[in-house]
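What follows draws every value from the coordinates through simple rules; no lab data is involved. All values derive from a computational prediction rather than experimental measurement. For neighbour counting, all protein chains shown are included, and Cβ atoms are generated from backbone atoms with ideal geometry for every residue, glycine included.
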Amino acid sequence: MSYDIRHNSDDNRFETTVDGHQCVLDYALDDGVISMNRVYVPPPAEGRGIAGAITRHALDYSRQQGWKVVPRCPYVAAWIKRHPDYQDLVA
């Protein structure tokens, strides 16, 4: 399934709304290094691959920007570990 994921730079997050529930990946950006701090999908929206879709989107965006990634969120760290083609982004 595909989701309409947006980069909300004003609030430092990637976000999408699914069935009225806001799902987010919060980050901090400092000198070309993005720290991905938290992925949150509310319980009613869980189990649909939303966290993975947001994570992939954020990592793809980071690659396009030339940013390095610090996966502070355990979910993001595990996702990168399972997808070796993204490991080159890790700072």
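Amide H contacts of Val18 (H built 1.01 Å from N, in plane; Pro and chain starts excluded): Cys23 sit under 5 Å, all sequence-distant by 5 or more or on other chains.
Extension gain, Gln87-Gln65: 0.36 nm per intervening residue step, less the Cα-Cα distance, totals 6.3 nm. Across segment 56-70, coupling constants 3J(HN,Hα) worked out from phi with the 6.51/-1.76/1.60 Karplus curve, θ = phi - 60°, read 4, 4, 5, 5, 4, 4, 4, 4, 4, 7, x, 7, 8, 10, 10 Hz, and Gly and Pro carry x. Highest mean packing first, where packing is the average number of other Cβ atoms within 10 Å per residue, the peptides 69-75, 1-7 line up as 69-75, 1-7.
In plain terms, the C-alpha convex hull of segment 32-91 casts an average shadow of 3.9 nm² when viewed from every direction. Applied to segment 17-22, the Karplus parametrisation 6.51 cos²θ - 1.76 cosθ + 1.60 on θ = phi - 60° returns per-residue 3J(HN,Hα) values of 10, 10, 6, x, 10, 7 Hz, with x for Gly and Pro.
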